[in-house]
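The structure appears right after this line, and notes come after that.
The values are calculated or read from the model by the stated rules, or taken from the named source; none is laboratory data. These numbers were taken from a predicted model, which means no experiment stands behind them. Because the Cβ atoms are built from the backbone with ideal geometry, glycine has one as well, and the counts that use them run over all protein chains shown.
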Amino acid sequence: MAAVQTYLGPCDPEDLGTTLLHEHVFVRDFELERSLPRTEWDEADAIERAVQGFEALHALGVRTVVDLTVPGLGRDVRPVLAVARRVPITLVASTGFYIKSELPLYYQFHGPGRSIDDPEPLVELFVRDIETGIGDSGIRAAMLKVVTDVQGVTDDVARVMAAAAIAHRQTGVPITTHSHPASHNGLVQQDFLRAWGVPLERVIIGHSGDTDDIAYLRALMDSGSTIGLDRFGMEHVLPDERRVATVLELLRLGYGDRMILSHDAAWFSHVTAPSWRATFAPQWHMLHISRDILPMLREGGATDADLHQLLVVNPSRLLKPSTGDTMPPPIGTAPGTVETETRT
């Protein structure tokens, strides 16, 4: 059986247990840390907060957490590894790129047909992270992450998504997305990735739980993808009661095998610092599903078998690498050449 790579080495997917598939340990901005020290980041304190949080999460029955902090979100595996070595939770690393519009300057100049006519550095980065390890850490990524938001599929976003599709086809690790449900752009993500040869069964359309548009969510799942109902606790975006009602309705309709639950939370984030979260989003943390949401789901009629499917079976299936291939992409000759349809 293909192993899932974790911070501490390979793991049998059957041993992952209850899994939160879309979380963050530390979301950082390195320039901000150096230039504006009042940003609340203190590495030793952040590590202790994460260790205590993961110990509490383990006591609630969670066994694995996927850290979707990729380049563009201040990924630094060094402090996360320090956490991983101290906690009973299995941590999983990811690769990809978090941009909503334009890539950093380096990538503007490097790549096929650019000023410095290199092979596509994004493909090199993603594949190296998965097959060799992130930097010199030896920690191998087990998931790819891409982003489209209200800006749509810009040229650089298309380049990232195409590179992720190529990396997926070579390595077999799944792709998860940051989507913008209000514009139904999960459908655009599906169209793009399908055109680049990615089976939609290997794609999680993230943040789908930010809407309770059942017809839209069913369309995503009917095409084969799993949807991420992965922002519990973000009541400033959508109240948990509506998120829970969506899960229950989709379970009733028979979609239990195509949903995952998570929070998109972090023990520290420069975007929404701990002091802000404590005041404005006090339930937005990784303990929330176990403590508060599962009782709500059970009260609404979800069975233990339903919850096992959502939290154990589905994540295990998705994280297990499929057989990769090295065939060229079916459309275009380099990332960013695919025409995409804008859907509303």
Problem - Cβ pairs under 7 Å, 6+ apart, first in segment 280-299 and more than 23 Å from Leu251 (Cα to Cα), second in a loop (DSSP other than H, G, I, E, B) and small (Gly, Ala, Ser) - result: Ala281/Gly233; Gln283/Gly233; Trp284/Gly233; Trp284/Ala265; His285/Gly233; His285/Ala265
Practice task
Go through (1) in contact with a Leu (Cβ under 6 Å, 6 or more places away or on another chain); (2) buried (at least 24 other Cβ atoms within 10 Å of the Cβ) and name the single condition Ser179 misses.
Solution key: (1)
Practice task
Search segment 148-157 for residues being touching a helix residue (DSSP H, G or I) at 6+ places or on another chain (Cβ under 7 Å) and closer than 29 Å to Lys320 by Cβ, and hand back the single one that is surrounded by the most Cβ atoms within 10 Å (Cβ to Cβ).
Solution key: Thr148
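Taking Gly138 as the residue in question, decide whether it is at pLDDT 95 or above, touching a Ser or Thr at 6+ places or on another chain (Cβ under 9 Å) and surrounded by fewer than 17 Cβ atoms within 10 Å (Cβ to Cβ). Walk me through it before giving the result.
On the way: at pLDDT 95 or above: yes; touching a Ser or Thr at 6+ places or on another chain (Cβ under 9 Å): yes; surrounded by fewer than 17 Cβ atoms within 10 Å (Cβ to Cβ): yes.
Yes: the conditions hold for Gly138.
So which residues in segment 81-118 are hydroxyl-bearing (Ser, Thr, Tyr) and under 14 Å from Val146 (Cβ atoms)? Talk me through it step by step, then tell me what you get.
In the first step, residues of segment 81-118 are kept if they are hydroxyl-bearing (Ser, Thr, Tyr); the result is 90, 94-95, 98, 101, 106-107, 115.
Ser94, Thr95, Tyr98, Ser101, listed by residue number.
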Practice task
Could you check, for segment 131-139, whether at least one of its residues is of a type in the set (Asp, Glu) and farther than 23 Å from Arg202 by Cα?
Solution key: yes
